[in-house]
1. If the Cβ limit is 8 Å and pairs must be 6+ apart or interchain, which residue in region 147-176 that is under 22 Å from Val78 (Cβ atoms) and without any contact (Cβ under 8 Å) to a residue 40 or more places away in the chain pairs with which residue that is exposed (fewer than 15 other Cβ atoms within 10 Å of the Cβ) and β-branched (Val, Ile, Thr)?
2. Any residue in region 106-118 that is touching a residue at least 60 places away in the same chain (Cβ under 8 Å) sitting within a Cβ distance under 7 Å of a residue that is surrounded by 15 or more Cβ atoms within 10 Å (Cβ to Cβ) and aromatic (Phe, Trp, Tyr)? List the pairs, counting only those 6 or more apart or interchain.
3. I'd like the full set of residues that are surrounded by 15 or more Cβ atoms within 10 Å (Cβ to Cβ), over 22 Å from Gly110 (Cβ atoms) and touching a residue at least 12 places away in the same chain (Cβ under 8 Å), limited to region 1-25.
4. Just wondering, is there one or more residues in region 108-125 that are in a helix (DSSP H, G or I), within 17 Å of Arg51 (Cβ to Cβ), among the hydroxyl-bearing types (Ser, Thr, Tyr) and under 15 Å from the mean Cα position of the chain (by Cα)?
5. Give the residues of region 133-147 that are aliphatic (A, V, I, L, M) and loosely packed, with under 15 Cβ neighbours inside 10 Å, sorted by residue number.
6. So, in region 38-64, how many residues would count as being of a type in the set (Asp, Glu) and either under 17 Å from Tyr154 (Cα atoms) or touching a residue at least 40 places away in the same chain (Cβ under 8 Å) (or both)?
7. Just to check your reading of the model, which residue among Ala35, Ala84 is aliphatic (A, V, I, L, M), part of a helix (DSSP H, G or I) and in contact (Cβ under 8 Å) with a residue 24 or more places away in the chain?
Amino acid sequence: MDKSIRTYKKLLQTYPLLVQSVQTGVLMGTGDMIAQGFIEGRSLKNLDTKRTITFCGLGTCLVGPTLVTWYKTLSIIVKGSSKAVVLKKVALDQLCFSPTFIGCFLCTLGFVQGYDFQQIKQNVSKNYKDILLTNYQIWPLVQLGNFYLTPLHYQTLVVQGVAICWNTYISWKTQS
C-alpha cells in the first residue's frame, strides 16, 4: 500500500493535470455505475456501458481539467489560508463557478449524448435549478473543509471522493 501511495504522489507531482483528470473520470464513472445499480436497480449485466463511458469521458476531459484549473486559479486570485481567505474561496466557488459550471456540464452532457439544441435546452430547464439547489446543500460545507485543510494538489481528489455521491445524483437526475 505504501508503494502505491508513493507512486500516486510521484505521478501527481510529475503529471498533476493528467492524474487528477483521470481520477476524476474514474470516480465519475463509478458514480454513474452506482446510480444505475443501486438507484435504478439495474443488474451488472444490464448496465448502460455507453452512459458510464460518457461520464468517465466527461470527467477526464471536462470536469477534471476544469476543477484543477479552477482550484489553481482560485489559489492565485485569493492567496493565503486564513479563515477569511477560505470564506472568500468558498463564496467565489459557489456563487461564480458552480452556477456556470453546472450549466456547462449539462449542455456538454446533452451534446455528447447526441441531443439536439432543443432537447438540451429542455434538459437544462428541467434539471438546472434542482441540481444547483442541491449543490448549495452539499458543497459549501465540503469546500470549507477542502480549502482550509487540503493542500492544493489534493483538492480535486477530496472533491471527487465526496463527489462519488454527487456524481451518482447527477447521473440519476440527468437520466431520469
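1. Short answer, once both residue conditions are applied: Val162/Ile138.
2. Sorted first by the residue in region 106-118, then by its partner, the pairs are Leu106/Tyr128.
3. Selection gives Leu12, Pro16, Gln20, Val22, Gln23.
4. Checked against the condition, which is being in a helix (DSSP H, G or I), within 17 Å of Arg51 (Cβ to Cβ), among the hydroxyl-bearing types (Ser, Thr, Tyr) and under 15 Å from the mean Cα position of the chain (by Cα), region 108-125 yields at least one hit.
5. Leu133, Ile138, Leu141 - these are the residues of region 133-147 that are aliphatic (A, V, I, L, M) and loosely packed, with under 15 Cβ neighbours inside 10 Å.
6. So the answer is 1.
7. It is Ala35.
Residues are listed down the side, and each one gets a yes or a no for (1) at pLDDT below 95; (2) surrounded by fewer than 16 Cβ atoms within 10 Å (Cβ to Cβ); (3) aliphatic (A, V, I, L, M); (4) under 30 Å from Gly37 (Cα atoms):
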| site | (1), (2), (3), (4) |
| --- | --- |
| Lys83 | yes, yes, no, no |
| Leu92 | no, no, yes, no |
| Gly114 | yes, yes, no, yes |
| Pro151 | yes, yes, no, no |
| Val158 | yes, no, yes, yes |
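The values are calculated or read from the model by the stated rules, or taken from the named source; none is laboratory data. Computed from a predicted structure; not experimentally measured. Cβ coordinates were reconstructed from backbone atoms using ideal geometry, including for glycine residues, and neighbour counts include every protein chain displayed.
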